[in-house]
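These notes are about the structure you will find just below.
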């Protein structure tokens, strides 16, 4: 029977646990924090300490084993542990930590922080968070490929289409004006040949000016209609994107912060790295601000993208269902 795993299970539900004839484990909650020098983020967890006491006794561990020879099993575990420590050997308790012998005698306990005993943050471990205002070192590992920011060509294509449309309309205006100028000359020549009086010539010239002005007005109206349709189409697309984003319930969490400034800085870093759908989605039950890579309507979509981002960023991520 694995006594270490039995102790580990009891540490989830007790703040103090006695190991008969060896000592007592003590647990206390510690808040999440961000180290100002190493930039390591540690989530909320329960810190474990151990106080050696060969005279202490308790039956909680023995009763939890639910076997007739539980008392002998615990005695043998304590005997083996003390024998290893006396031989200057390090003893590891699975998911709990290490008993390390000291040169001056006795031993100390060091917790295994890869295992979180806080039920609300179980499975969440420490990770290094590099600030966005510091240059990040390039990893020498050839298998890690840095993400390049995606270029958004949409605004450039829109303006190119508008410029091309204006050029075509300008050429059309020039051609129409040439045609009606020629027509005006023919009318004047015809009036001169027929020896019309000055009033008729003026009337013809005025009629031609009215026609030219009408054409300019029609062309200007077409330009305005075209630009209006482009703006309406773009607005409809933006509204659709906003609707899709607001329907998302499953979010891939990139990091959590106490400081709103740190959360905003990290959001800008994600967007600069090509995660255009990155966002800030409220706070956790402990008050930390969530920064997300993206949101999805279904958990299946979120799981598929989680695998891609985890492989790309080489770090552990998780999904939360958030409804607002």
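The values are calculated or read from the model by the stated rules, or taken from the named source; none is laboratory data. On a predicted model such as this, the values are computed, not experimentally measured, just so you know. Cβ atoms come from the backbone with ideal geometry, glycine included; neighbour counts cover every protein chain shown.
Does segment 143-161 contain at least one residue that is under 30 Å from residue 12 (Cα atoms), at pLDDT 65 or above and more than 23 Å from the chain's Cα centre (by Cα)? No, the conditions are met nowhere in segment 143-161. Filtering segment 35-45 to residues that are out of contact with any helix residue (DSSP H, G or I) (no Cβ under 8 Å at 6 or more places or on another chain) and surrounded by 15 or more Cβ atoms within 10 Å (Cβ to Cβ) leaves 41, 42.
Among the residues of segment 166-189, those identified as modelled with pLDDT of 75 or more and in contact with a helix residue (DSSP H, G or I) (Cβ under 6 Å, 6 or more places away or on another chain) are 169, 173, 176.
The set of residues in segment 285-297 being over 20 Å from residue 125 (Cα atoms) and in contact with a strand residue (DSSP E or B) (Cβ under 7 Å, 6 or more places away or on another chain) consists of 294, 295, 296.
Looking only at segment 2-34, residues that are loosely packed, with under 13 Cβ neighbours inside 10 Å and in contact with a helix residue (DSSP H, G or I) (Cβ under 8 Å, 6 or more places away or on another chain) come to 2 in all.
Screening segment 298-314 for residues that are exposed (fewer than 13 other Cβ atoms within 10 Å of the Cβ) and touching a residue at least 24 places away in the same chain (Cβ under 8 Å) and picking the one that is farthest from the chain's Cα centre (by Cα) gives 298. The set of residues from segment 46-88 being buried (at least 17 other Cβ atoms within 10 Å of the Cβ) and not in a helix (DSSP H, G or I) comprises 46, 48, 50. Selection within segment 306-324: residues that are outside any loop (DSSP other than H, G, I, E, B) and in contact with a strand residue (DSSP E or B) (Cβ under 6 Å, 6 or more places away or on another chain). The member of this set that is nearest to residue 125 (Cα to Cα) is 318.
Filter segment 89-107 for residues that are in a strand (DSSP E or B) and either under 17 Å from residue 11 (Cβ atoms) or over 49 Å from the mean Cα position of the chain (by Cα) (or both) and give the result. Answer for segment 89-107, where residues must be in a strand (DSSP E or B) and either under 17 Å from residue 11 (Cβ atoms) or over 49 Å from the mean Cα position of the chain (by Cα) (or both): 91, 92, 93, 97, 98, 99.
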